[in-house]
Amino acid sequence: MRASQRARGEDVGLVDALLSADERRRSSGARFDQLRAEQKQLGKLIPKAAGEEKAGLLKKTGELSAAVKAADAERDEADAETQRLLLQLGNLVHPEVPVGGEDDFTVRETHGTPRDFAAEGFEPKDHLELGQTLGAIDVERGAKVSGSRFYYLTGVGALLELALVNAAIAQATEAGFTAMLTPALVKPRAMEGTGFLGQAAENVYHLEKDDYYLVGTSEVPLAAYHMDEILDGEKLPLRYAGFSPCFRREAGTYGKDTRGIFRVHQFDKVEMFSYVAPEDSEAEHARLLEWEKQWLNALELPFRVIDVATGDLGASASRKFDCEAWIPTQGRYRELTSASNCNEFQARRLSVRMREEAGDGGDGKRRVRPLATLNGTLCAVPRTIVALLENHQRADGSVRVPEILRPYLGGREALEPVGR
């Protein structure tokens, strides 16, 4: 765990502080149990005693009572400190994750070839210019109404979002996911349990008056869906595809991606979420990545898959694969989807467990243990629209519609500029 913290660039001393607090919790608990046993034994002697002996026992009872209360308070304080420190600790990093910061990822694979617009004889327009030509994106009125990093999707822009969402949900349900519409407001425990109130807290919107949090992803309500439940191990895996609005403050990104709708405060997203047995988590992680690749290939986008470095994992992920699409006007790959294996990290914090019929020894006895959770973005709508518009644009300002989306756009083969 110390090595994991070091690889993440987090405080290694937190591990030692946690061990120290846990030792205090254990020792104070043992002292409390010992004093309570003495107290009970003394209680049995008092009715049989008389005179000075009874008076002495009563005096000792009072002293023991005070000592028991003090030990109980010490135990509770140590337990609270242990839990506080435990919640600050990130997940144990998978040993194959590359060590380093945001730029220290490794490329696992590349799909498709970026278009050579120069060879086609025209200069590509960026998504905002295309979106305005199509009557699809309005950031000026978004800023007027809500401020920077807000936008309207209008006309074919709104229809394109609905087409993407419907196509993504169709793929997910065909793969066996249960479609879910999830709450956008959650209680603190749901946000904390999924790992979003640690290093990610600065990007979370908090409604202080009501003590609710606006979710940055439907991962949060999907992870908390089975909070405090024991699930039948024979029914795993459980797979959900959640659609929800997402809210992010984007703290620390001043000056980054300020043009258009690539980095915004509010957007919609389809998220895959899986509950599996811990020993099946790596195989499920690979499956989530395959479903994301299937989606991006169906959208006919050039993209690559990266193994995200330790310093960019986030608190809850043990390992994370990102799919990055090529953005022509930026001349680089940008993140469109992520698939994260959280192992037992979220399940332990949210008390989601699985029941199995047979124990380790094959004795036929039931056992209960934490399970593993995983999440994978299928379609973050604005970024997907950015990639679609820029990669499928034509010289005349129209945008070709990939075949997978045409049934959801009334059969349209192209999005045409307004007024044509």
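Worth pointing out:
- Scanning the stretch 180-210 for residues that are part of a helix (DSSP H, G or I) and in contact (Cβ under 8 Å) with a residue 40 or more places away in the chain, we see that the one that is surrounded by the fewest Cβ atoms within 10 Å (Cβ to Cβ) is E202.
- Exactly one residue out of A118, A158 is within 14 Å of I385 (Cα to Cα), free of Cβ contacts under 8 Å to residues at least 40 places away in the same chain and in the same structural domain as C379 (by TED's automatic domain parsing): that is A158.
- Y275 fulfils the conditions (1) surrounded by fewer than 22 Cβ atoms within 10 Å (Cβ to Cβ); (2) touching a Leu at 6+ places or on another chain (Cβ under 7 Å) except for a single criterion, (1).
Each row is one residue, and each column tells you yes or no for (1) within 30 Å of D11 (Cβ to Cβ); (2) assigned by TED's automatic domain parsing to the domain that holds A395; (3) at pLDDT 75 or above; (4) in a loop (DSSP other than H, G, I, E, B).
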position	(1), (2), (3), (4)
P47	no, no, no, no
K60	no, no, no, no
L64	no, no, no, no
A71	no, no, yes, no
H94	yes, no, yes, yes
V99	yes, no, yes, yes
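- Residue check for L159: within 26 Å of V401 (Cα to Cα), surrounded by 20 or more Cβ atoms within 10 Å (Cβ to Cβ) and not β-branched (V, I, T): no
- Residue in the stretch 379-401 that is under 18 Å from Y240 (Cβ atoms) and in the same structural domain as Q132 (by TED's automatic domain parsing) present: yes
- Residues within the stretch 211-244 that are part of a strand (DSSP E or B), within 27 Å of A277 (Cβ to Cβ) and of a type in the set (A, V, I, L, M), tallied: 4
- Pairs with Cβ under 8 Å, 6+ apart, first in the stretch 332-353 and assigned by TED's automatic domain parsing to the domain that holds A224 and closer than 22 Å to V186 by Cα, second among the β-branched types (V, I, T) and surrounded by fewer than 21 Cβ atoms within 10 Å (Cβ to Cβ): R353/I230; R353/V368
- Criterion applied to A372, A414, A380, A395 was being among the aliphatic types (A, V, I, L, M), under 16 Å from the mean Cα position of the chain (by Cα) and over 18 Å from G233 (Cβ atoms), and the one residue passing it is A380.
The values are calculated or read from the model by the stated rules, or taken from the named source; none is laboratory data. Predicted model, so just to flag it, every value in this text is computed and none were measured. Neighbour counts are summed over all protein chains in view; Cβ atoms, including those assigned to glycine, are modelled from backbone coordinates with ideal geometry.
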